[in-house]
Ligand code: 2RA
């Protein structure tokens, strides 16, 4: 199994390599790929050094799977070239997510949609992934009518420049490069990505549209407010869910605790709830603060946290690859 990691020197690409290594992915050959300026640089994988190669070199090597995290325009241009030589691309950008001919996959939710014909598979947006992992078992049992989500998103979701901005501001450096329009340290920015004509941001629309596509149900109503906060370890979400059917809170907790990929941290008496500092570098989705919304019938509140570079990006992509290998779809 030849695996290419496209964008191998970036923030998500680096985590993809780490996750492949940690999970002992059954690869026989690793092909790290990056833009021309990084070609020749070395990366270390399982104690062995690999030289970064160009896109053309990687395509000529015909990898079985290419994990892409190189931005939307690179993906639009290069993913079809890999697909043409028979590679299955798993793409972390937003380029293909809403293309009706492409699958948008969170393995715990809809991996069964995948077939050997899917040559470009989209990895969803980070904040959407962690939410749908927790929504799926509840939708199956109680049928979701509407979701109201507010996010508290880590600067790592923006990239290296944002991490630098936060760290510089922490050190009192105020004239460094800015990833955001405003300072992020000691601040909260209620804007993630660009504004759309309807007043929502692109990130908010991703949460709405991607949730419906992954869950395979356009009747699920979603509204979102996405917010950037000065945190590194992961994204947090306050989620209010209205169901068609009533539920029992203990049953909800048990259901989530027994769902693959979820860790329930819900013990208010002992001040236990999920926090990004605990989710950092973990592959699971952490859920807590589960309680009935007493202002509406059949409605629940909960708090969902995950490392956005792991389950929100690299881990989800590697899990898709693992599924393809297990089901012999590559
Ligand atoms: C963010 N959704 O956190 C992005 C990353 N994919 O900004």
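The values are calculated or read from the model by the stated rules, or taken from the named source; none is laboratory data. Since the structure is predicted, the reported quantities are computational estimates derived from the model, not experimental observations. Note that we place each Cβ from the backbone using ideal geometry, even for glycine, and neighbour counts take in every protein chain shown.
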Report task. Quick one: residue 115 ticks every box in (1) assigned to a helix (DSSP H, G or I); (2) in the same structural domain as residue 318 (by TED's automatic domain parsing) except a single one, so which number is it? Result -> (1)
Report summary line: Of the listed residues (298, 308), the one being surrounded by 15 or more Cβ atoms within 10 Å (Cβ to Cβ) and at positive phi is 298
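Looking at 243, 195, which is the one that is under 25 Å from residue 12 (Cβ atoms) and either more than 13 Å from the ligand (Cβ to nearest atom) or modelled with pLDDT under 95 (or both)? Give the steps one after another, and end with the answer.
Details: 243 fails: under 25 Å from residue 12 (Cβ atoms).
Among 243, 195, only 195 is under 25 Å from residue 12 (Cβ atoms) and either more than 13 Å from the ligand (Cβ to nearest atom) or modelled with pLDDT under 95 (or both).
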Report summary line: Screening 192, 184, 220 for residues that are surrounded by 11 or more Cβ atoms within 10 Å (Cβ to Cβ), under 25 Å from residue 113 (Cα atoms) and touching a helix residue (DSSP H, G or I) at 6+ places or on another chain (Cβ under 6 Å) leaves only 220
Report task. Say whether the condition of being farther than 30 Å from residue 163 by Cβ and either within 16 Å of the ligand (Cβ to nearest atom) or part of a helix (DSSP H, G or I) (or both) is met by at least one residue in the stretch 215-238. Result -> yes
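Conditions (1) within 19 Å of the chain's Cα centre (by Cα); (2) within 16 Å of the ligand (Cβ to nearest atom); (3) surrounded by 22 or more Cβ atoms within 10 Å (Cβ to Cβ); (4) at positive phi, marked per residue:
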{"site": "126", "(1), (2), (3), (4)": "yes, yes, yes, no"}
{"site": "134", "(1), (2), (3), (4)": "yes, no, yes, no"}
{"site": "158", "(1), (2), (3), (4)": "yes, yes, no, no"}
{"site": "200", "(1), (2), (3), (4)": "no, yes, no, no"}
Query raised in the report: Is it the case that residue 266 is surrounded by 15 or more Cβ atoms within 10 Å (Cβ to Cβ), closer than 22 Å to residue 11 by Cβ and more than 15 Å from the ligand (Cβ to nearest atom)?
Result: no
**Report entry** Given (1) free of Cβ contacts under 8 Å to residues at least 12 places away in the same chain; (2) not in a helix (DSSP H, G or I), number of the condition residue 56 does not satisfy
**Finding:** (2)
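Residues being in a strand (DSSP E or B) and over 18 Å from residue 210 (Cβ atoms): count how many of those fall in the stretch 239-260. I'd like the intermediate steps shown before the answer.
Here is the first cut: in the stretch 239-260, the residues in a strand (DSSP E or B) are 239-243.
With over 18 Å from residue 210 (Cβ atoms) added as a condition, the list becomes 240, 242-243.
Total meeting the criteria: 3.
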